[in-house]
Structures are given as structure tokens and as C-alpha cells.
Amino acid sequence: MSSSSSQPSSSSAHSSLAKDELLQLRSKYKFKVLSEKGKWPLQFSLLHIPETDIKIDPSIDGLIFIFEITEKYPAKADFESCKLIRIENYTPTEKSPKLALVMIQNMIQACQKQLTKIIIANNSEIITKFMIWENANITTIILSGNMEYFTSYLAEGMHGISERRYQIDFSKYPKESNAEEDDQDDEIPELDFYSLDNPPPELLESNSSDTLLLLPAGCELKNTSIFEMKQLSFIAKCDRCQNDCEFRELKAGQSIEKPCPKCAKTLTVCMKPFGMTESSLSLESKKGNEIQAGCPFVYLETSNCGFFDIIPKGNILGVLCFNCSHSDQMKSLKIKSPNEIYCTHCHQLISIQFIQIQKKTVGEYLAMITHNAGQKYDDDSKSGSMVKKKKHKALKGIHPGAPLPRFGVCEHYKNSKRWFRFDCCGRAFPCDICHEQECEAAMTEQMAKKMICGFCSHEQGLSEICHYCKKNLIKKISEKSSGASKKK
């Protein structure tokens with residue numbers, strides 16, 4: 001009787017010790033139960049983001065350890081009561097490096113050896129002691145059995161002492177594929193784009209007022225075989241009242257109708273991307289006006305409105321890795337700064353840098369590539385008759401090289417010839433008052449970090465002098481007034 005009654009008390013004592021330790025672990029780490037609550041065995045994960053420097057570049061943010069314990073935990077020398085199921089690499093951002101599967105397996109082996117030693121030597125707080133060891137040896141754990149995937153170098157430490165750091169060599173990563181993937185190597189997944197060699201018929205048969213977004217020469221690609229626009233956010237202007245209307249997260253091939261916020265006119269847009277390759281952006285196959293016209297990147301079919309400006313937020317680029325032909329997404333669209341992600345399959349760094357994105361109507365583009373640009377506006381010099389030149393139509397949108405509407409001046413600040421790009425909405429406004437009046441997400445305390453010159457429309461950092469056209473963007477003292485002051 002006594003032996004049978006002691007069994008439940010022993011089990012409850014173990015459960016109590018396990019519960020106390022799990023409460024301590026939850027206070028130190030991000031704790032998540034993975035198995036059915038209230039039932040044994042209990043499977044849970046611990047996310048550890050160490051405060052100590054992991055001497056590996058690019059920096060690894062942390063590791064996730066998945067444990068399984070039974071009702072007997074903690075029990076000395078009982079290897080079934082506590083198991084390390086797996087380890088996962090914590091990747092909070094797209095730029096966080098992802099460790100190869102073989103590297104994770106080598107790390108698990110090193111950790112399981114240490115966990116075995118702790119189980120043999122202890123009968124309490126086994127997982128807590130393991131996590132203390134892991135915190136002090138995290139760099140060694142990652143390197144264990146994986147030195148062939150790293151290169152090392154000496155760097156100056158915090159106290160001026162040279163220390164050895166390790167660089168992940170993604171080129172040595174093994175390709176993790178199966179037979180099904182090998183059979184489909186010739187297929188391009190997920191990217192359904194127009195070929196530039198065979199442009200869609202709507203480009204040649206479309207309304208000449210539709211918009212083309214073009215990439216000029218100078219775009220830099222790294223480990224990118226093909227890319228295209230999967231999602232676009234931009235501002236359109238109503239043809240009737242010239243009011244701004246936002247179109248956010250417009251998918252490829254999707255058509256959207258929205259009423260104008262001011263006059264309620266129905267505005268329609270449809271985005272159709274072009275698949276871009278390094279060869280399509282090269283200058284070798286282009287001549288004369290084709291180089292000046294740029295390479296078509298996105299075709300925007302518009303009705304009752306016209307394209308005005310790209311909103312930096314809410315854009316997605318679909319890319320194919322040059323190394324393994326795996327498709328990924330870049331959830332940003334930065335100009336003049338590299339757009340970077342690591343391939344989720346082979347871990348190569350994929351980078352696309354846009355020098356500029358130009359905007360032209362289909363009519364303007366076709367006129368340039370057919371060498372007819374400017375003929376409409378020439379007078380008949382041969383006949384000698386005085387023929388009035390046709391007026392140039394005002395350009396819609398922000399065109400680098402052309403001035404902004406009213407040279408960027410607004411009713412609030414009549415001497416400021418520039419627009420400001422605000423981060424909260426991604427839109428450009430002449431001043432903070434215009435921003436607060438037009439933008440629902442406006443933040444009164446937020447300061448713009450970039451500006452657009454009113455004379456040449458180039459986007460740049462904040463300055464009173466344009467870095468491109470060198471013109472002063474605030475009020476100048478006129479020569480007459482300065483001369484009069486000198487006479488006085």
C-alpha cells in the first residue's frame with residue numbers, strides 16, 4: 001500500500017518542479033507551448049536573443065530551441081524525460097541570414113552532447129543550466145562542425161584588442177533540393193511577366209495617354225536573373241479636377257476603380273509589369289533614342305486620371321535568384337539605395353539598385369523609339385511662312401529634369417521652391433500645412449527627411465541649395481534691392 005501511494009506523490013513533485021522552472025524560463029525568454037496544453041509530453045520553444053555579441057557576420061539575431069519533457073522531468077540520468085527536438089534560426093527581418101539545414105543539424109548534435117552531460121550530472125533545472133551554457137557558447141555552437149561554411153578574419157575589439165570574427169560564406173552552402181524540384185528546373189515559378197522581346201499588343205494599340213514607368217541605363221543587379229513589379233502604390237491625378245487620388249497595393253494585372261475624392265469622377269487603373277533581365281537593361285542592343293527613352297518596367301492603363309508619383313511604401317518586387325532560380329519578394333522600392341534580401345533557398349544576397357524611375361506616356365515613348373520626337377513642334381522653315389508653334393502640353397507628374405507644378409510653390413510658403421517627402425504616407429507635399437490638410441495619416445511632429453527640387457524635380461536630402469541644378473530653393477535677395485540699400 002505504501003509503495004503504491006508514494007508513486008503519485010513522486011509524480012506530482014516532479015510536475016511541481018517542472019512548473020516552477022518553466023515559469024522562470026518564461027520570464028527570461030520568449031516561451032511558447034507547441035503541444036496540447038495540459039497533457040504530457042509537453043513540447044515548447046524558447047527564443048533566445050543574446051545580449052553578448054555573436055562574432056559572426058552578417059549578424060545572427062538569435063536561436064529558437066524546441067524541447068520536449070515528460071511527466072518525470074526533472075529526473076537524473078533519465079534521457080527520455082528531456083529531449084532537444086530541434087533548433088531554428090530566428091530571422092525577424094528579410095535581411096537576416098538563414099542558416100543551411102546541414103548547419104542546423106550540426107548545431108543540434110553539439111547541443112545534444114552538452115544536454116546529455118547536464119542530465120547525467122543534475123537532477124534539477126536541467127533546461128535552465130543548458131540555456132546558461134548556450135548563452136556563453138553561442139558562437140561556438142554555430143561554428144561546431146560548420147567551419148567549412150565560414151571564413152575568419154581579425155578585427156579590433158571593444159577594448160582595442162584584436163579578436164577573431166567569422167564571415168558566413170554563402171557560396172559554399174549546399175543546395176537542398178529534391179527530385180521533384182530537379183524535374184522542374186526549366187520552369188520559372190510564380191513570375192508570370194510580359195517578355196520585352198514580345199511586348200503585349202496593348203502597348204502598341206493602347207491609349208497614347210497611358211503611362212509607362214521606365215528604367216534608364218545604370219541599374220545595378222546582383223545575383224538577380226529576372227525581376228518584375230508584383231505590387232505598386234502610387235498617386236494619380238483626376239483629369240477633371242486635378243485632385244490627388246491614392247492607389248495603394250495595386251496587384252499585377254489587377255484593375256481598380258475609385259471615385260475621385262473631390263469630384264466623384266470614376267477613376268480606373270490597371271498595372272501590367274514587364275519582366276526585366278540584366279540583358280534587357282544593357283546598352284549593347286539599344287541605339288540612339290532607345291537609350292534616352294529607357295527600358296519599359298511597368299505599363300499603367302488609366303482612365304479619367306493620369307499617373308503622378310510613386311509612393312515608396314506598399315510596393316513588392318518579385319525576383320528570381322540567379323544561383324538557384326528560386327523566387328522571392330522584396331517588400332520595398334528604394335531609389336538610389338540597394339534593395340536587398342537573402343535568397344530563402346540558397347542564401348545568396350540578391351540586390352537591385354535603381355538609379356531613377358522615369359515616367360512617360362505611351363505616345364511619348366513610341367515617338368522617341370521611332371525617332372519622331374519633336375517633329376510636331378517644328379515650324380515650316382523651308383516654306384518661310386510664319387507658322388505658330390504649338391504649345392507644349394504641361395507634363396503631368398514628377399519628371400526629373402522638368403520643374404514641379406508652380407516650381408514647388410504653395411499658398412502657404414510662396415518663396416519655397418521645393419516639395420518634401422513625408423515618411424508617414426510616403427507622399428510629397430510643398431509644406432507641412434499642405435501635408436496635414438491632405439493626408440489622413442499626417443503626424444504633426446514628424447519632419448520630412450527628403451525634398452524634391454522645384455526647378456529640376458530631383459529627389460535628395462534636405463538642403464537650401466539643389467545638389468543637381470545648384471539653384472537656391474528659398475527666397476533670394478534681388479540685385480536691385482541690394483543695390484538700393486548700398487546707395488542709402
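Fully extended, how many nm does the chain gain between Ile120 and Ala77 (0.36 nm per residue separation, minus their Cα-Cα distance)?
Stretched out fully, the Ile120 to Ala77 stretch lengthens by 15.0 nm.
The Cα-based radius of gyration and maximum Cα-Cα distance (Dmax) for region 17-133 are 14.6, 42 Å. With a cut-off of 12 Å between beta carbons, the residues surrounding Cys469 carry a summed charge of +4, where Lys and Arg count +1 and Asp and Glu -1.
Were the residues from Ser209 through Met147 laid out at 0.36 nm apart, the gain over their Cα-Cα distance would be 16.5 nm. Counting only heavy atoms of the protein chains and using a 1.4 Å probe, Trp133 has close to 60 Å² of accessible surface. Ranked by the mean number of other Cβ atoms within 10 Å per residue, highest first, peptides 465-473, 447-455 order as 447-455, 465-473. Once a ≥ b ≥ c are taken as the square roots of the eigenvalues of the Cα gyration tensor of region 15-83, is the result rounded (a/c under 1.5), prolate (a/b larger than b/c) or oblate (a/b not larger than b/c)? Prolate shape, in that a/c is at least 1.5 and a/b is the bigger ratio. So if we plug the beta-carbon distance of Thr344 and Ile132 into 1/(1 + (r/R0)^6) with R0 = 30 Å, what FRET efficiency do we get, rounded to 0.05? That pair, Thr344 with Ile132, gives E of 0.40.
So, R0 is 25 Å and r is the distance between the beta-carbons of Glu257 and Glu364; what FRET efficiency does that work out to, to 0.05? So the FRET efficiency works out to roughly 0.45. Entry note: region 123-172 has Rg to Rh equal to 1.13, where both radii use alpha-carbon atoms and Rh is the Kirkwood radius.
Placing dummy labels 7 Å off each Cα toward the beta-carbon, the span from Lys39 to Arg164 is 4.9 nm. Taking label positions 7 Å along the Cα-Cβ direction at both Lys471 and Asp423, the computed distance is 2.9 nm, reported to one decimal.
Net charge around Lys19, counting only other residues with Cβ within less than 15 Å of its Cβ (Lys, Arg = +1; Asp, Glu = -1)?
Once positives and negatives cancel, what remains is 0.
State the answer as a single residue: which of Gln43, Gln105, Ile66 lies farthest towards the positive end of the charge dipole of region 1-147, with beta carbon charges of +1 for Lys and Arg and -1 for Asp and Glu, about the Cα centre. It is Gln43, whose Cα lies furthest towards the positive end.
Once you have the Cα-Cα distance between Thr140 and Thr70, take 0.36 nm times their residue separation minus that, and quote the gain in nm to one decimal.
22.3 nm
The values are calculated or read from the model by the stated rules, or taken from the named source; none is laboratory data. Keep in mind that what you see is a predicted model, and the values were worked out from it rather than measured. Cβ: placed from backbone, ideal geometry, glycine included. Neighbour counts: every protein chain shown. To get the accessible areas, we keep the full protein, side chains included, count just its heavy atoms, and leave off ligands, DNA and RNA. Shrake-Rupley method; radii C 1.70, N 1.55, O 1.52, S 1.80 Å.
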